[in-house]
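What follows is one structure encoded as structure tokens, with my remarks underneath.
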There are 2 protein chains.
Amino acid sequence: MTTATSTRELAHPTRDEIRLEGVLHALSDPMRLLIVREMAVAEADLACSYFTLPVTKSTTTHHFRVLRESGVIRQAYRGTAKLNGLRREDLDALFPGLIERVLEAAALEADRLGTDG
Amino acid sequence: MTTATSTRELAHPTRDEIRLEGVLHALSDPMRLLIVREMAVAEADLACSYFTLPVTKSTTTHHFRVLRESGVIRQAYRGTAKLNGLRREDLDALFPGLIERVLEAAALEADRLGTDG
DNA sequence: TCGTAATTACGAAGAGCGTCGTACAATGGG
DNA sequence: CCCATTGTACGACGCTCTTCGTAATTACGA
């Protein structure tokens, strides 16, 4: 109802509010791990529509929200799109090296299983 | 029914059967993370009764099983007790450095939050 | 053999998760 | 102004999870 154009704000946990258990849980889902892996290799933030997951848009929205609310990613509106990016700095400050190891482990497992990522 | 004394066998996933998502999920529960943290600082394998968790024994058994079936720990009977130990070699071979980072992150978070582990 | 300590099995309650479908909202372009 | 694009809200379904209580199992020791 406010007159501002892009007032759509998204709730993010502050760095202090991020919990290890929440991050691990967020990463323990195959779809979300896939999202995070694609996001990690990207230089810039990506729109949700960039990710082509074998689930509906509703489900995709749900997974993005879980990732955001756990502190793994940051989301911001830009026009009709919503840009997503890893919160690398926050995660590395809280859990040094953790994300890198998870990404590396995911890549190794993908190779090992012959699947992709 | 067999005449052997300690035939009680426990099903463990082979190294190849361990999945990253399963490991992350297993570690995403506070109780299980607590168990793994205590196990990590121990030199030898520990009995279930060593761990004093704020849940009942039934629940503790459940968590140990989740950890075993995800490949995080190994369990073996010895008398009336059941000894538990981290599968460090398997985990490090599959996901190099991952467990160490998780343990380190858990310790950092415990310090940060003033809780313990 | 009997008792005790350690752990499991089973069933159940309650909550949460992943998924979907449909209807809705916001933005930008013609 | 209308429409296409992008993403959300809501309700629902089935499944899994965490937790418990109680009964049962196993092994050791007296």
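Under the definition of partner shielding as Cβ atoms of other protein chains within 10 Å of a residue Cβ, what is the mean value for peptide B:92-103?
Numbers: counts 0, 1, 4, 7, 4, 6, 9, 2, 3, 9, 7, 0.
The mean count of partner-chain Cβ atoms within 10 Å per residue comes to 4.
Compute the acute angle (0 to 90°) between the alpha-carbon long axis of helix A:57-69 and the principal axis of greatest extent of the alpha-carbon atoms of chain A; round to the nearest 10°.
On a 0 to 90 degree scale, this one is about 90.
How big is the dipole moment of chain B about its Cα centre under a simple scheme where the beta carbon of each Lys and Arg is +1, that of each Asp and Glu is -1, and everything else is neutral? Debye, nearest 20, please.
Working: 15 positive and 17 negative charges, 94 e Å.
The calculation lands at about 460 debye.
May I ask you to list the residues of the range B:59-96 whose amide nitrogen lies under 16 Å from a point 7 Å from Cα along the Cα→beta-carbon direction of B:ALA110?
The answer is B:86, whose backbone nitrogens lie closer than 16 Å to the label point.
When each copy gets a label point 7 Å from Cα toward the beta-carbon at A:TYR50, what are the spacings between them in nm, shortest first?
Here the equivalent label points are 4.6 nm apart from this one.
Distances in nm, one decimal, shortest first, from B:GLY114 to the same residue in every other copy, taking the label point 7 angstrom along Cα→Cβ.
Ordered by increasing distance: 5.5 nm.
State the answer as a single residue: which of A:ALA110, A:LEU34, A:THR61 lies farthest towards the positive end of the charge dipole of chain A, with beta carbon charges of +1 for Lys and Arg and -1 for Asp and Glu, about the Cα centre.
Value: A:THR61.
Any idea what angle helix A:30-41 forms with the longest principal axis of chain A, computed on alpha-carbon atoms, 0 to 90 degrees, nearest 10?
80 degrees
Kindly provide the helix-only [θ] at 222 nm of chain A, computed as the sum of -39,500 (n - 2.57) over DSSP H runs of four or more divided by all residues, to the nearest 500 deg cm²/dmol?
-14500 deg cm²/dmol
In debye to the nearest 20, how big a dipole does the protein assembly as shown give about its Cα centre with +1 on each Lys and Arg Cβ and -1 on each Asp and Glu Cβ? Walk me through the numbers before you get to the answer.
Values: 30 positive and 34 negative charges, 139 e Å.
In debye, rounded to 20, the protein assembly as shown gives about 660.
Every other copy gets compared here: list the nm distances from the A:ARG8 label point (7 Å along Cα to Cβ) to its counterparts, shortest first, one decimal.
5.7
Read-outs: derived from the displayed coordinates by stated rules, not from any lab. For clarity, every value in this text was computed on a predicted model and none was experimentally measured. No Cβ is skipped: glycine too gets one built from the backbone with ideal geometry, and neighbour counts run over all protein chains shown.
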